Amino acid sequence: MAPASFHHITNTVCVMDASGSLGFSLVERLLQRGYTVHAAVQNHDCELQFGGLSCDKKKLKVLYADPFDYKSIIDALRGCCGVFYNFEPPQDQSSYDEFMTEVEVRAAHNVLEACAQTETIDKVVFTSSATAVIWRDDRKSVTADFDERHWSDINFCRKFKLWHALSKTLAEKTAWALAMDRGVNMVSVNAGMVMSPHLSIKNPYLKGAAEMYEDGVFVTVGLNFLVDAQICIYEDVSSYGRYLCFNHVVNHHEDAVKLASMLTPSAPSHPQSFDQDMRIIQQRISSKKFNKLMVDFESRPQLEN
């Protein structure tokens, strides 16, 4: 039977965009939990990747949905009660720059508008980023830990060309404005840098990595952990607002070296002083709100098949 905290009308959900690591993993985990899943992808070629799923695909429907084609979004959402939205850059524009900000904001607006127009949609889980929380001119003087109540400063992000942070901040603010105006039940997940198999030094999250490290706000999240977090937030009727989601803080020299070695395996390693090896940066970011919600997720039963 369904979890006590799960009261959605149907168990059909849409994952958009389902072509990236997060989307694919969400589709697989949702199918394992008994959901019927509409996997919305931007490219028809992406349909082939779902042949490698390790679970029953009878409840899977792969659909084409362009975030700039409103009708295709509506078609993908038809019959769904929930949406897991995460932005995947178009294949012809994979790097983050000022133009990408406009693209991501427009995509978020279109998806939330489509959700507002779809009567069956009960809840939207919107994937944002911790970079929409931590970048501010006064960040070193903030006395309390950074949490969901903080927002990155748009002008600061523009000034220092933090395009990933700017895109995530503006897209999330756009989504929240539309959700509140149209009465859409939305929850956002502000994830740390996702430790997916495809992580590379080109990841736009890494812009300002040294400053994040020194400020004690450089956080990462395992892909499977993030997937479970999103499902937990979707299924729990008490979830609301924003949730910072991470399960590791890079605040020790050894952590930084390991991450650097993973991102640039061919780069030579440099010996460091003993003092630097032992230094631990004070953590200044908190996910307490999310941790409370996640406590009993593993003990919940799955949906009936």
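The values are calculated or read from the model by the stated rules, or taken from the named source; none is laboratory data. As the structure is a prediction and not an experimental result, all values here were calculated from the model. Cβ: placed from backbone, ideal geometry, glycine included. Neighbour counts: every protein chain shown. Side chains included, ligands, DNA and RNA excluded: accessible areas come from the protein's heavy atoms. Shrake-Rupley method; radii C 1.70, N 1.55, O 1.52, S 1.80 Å.
For the reader, a short list of remarks on this structure follows.
- Residue ID - farthest from ARG33 (Cα to Cα), chosen from residues in segment 264-291 that are at pLDDT 90 or above and assigned to a helix (DSSP H, G or I): LYS288
- Residue tally, condition touching a strand residue (DSSP E or B) at 6+ places or on another chain (Cβ under 7 Å) and either crowded, with 20+ Cβ neighbours inside 10 Å or not in a loop (DSSP other than H, G, I, E, B) (or both), over segment 123-154: 12
- Complete set of residues in segment 41-52 that are in a loop (DSSP other than H, G, I, E, B) and surrounded by fewer than 16 Cβ atoms within 10 Å (Cβ to Cβ): ASN43
- Strands (runs of 3 or more DSSP E) within segment 172-228 that include 3 or more residues open to solvent by less than 20 Å² (accessible area, probe 1.4 Å): 186-191, 219-222
- Filtering segment 155-169 to residues that are open to solvent by 40 Å² or more (accessible area, probe 1.4 Å) and either hydrophobic (A, V, I, L, M, F, W, C) or touching a strand residue (DSSP E or B) at 6+ places or on another chain (Cβ under 7 Å) (or both) leaves PHE160, TRP163.
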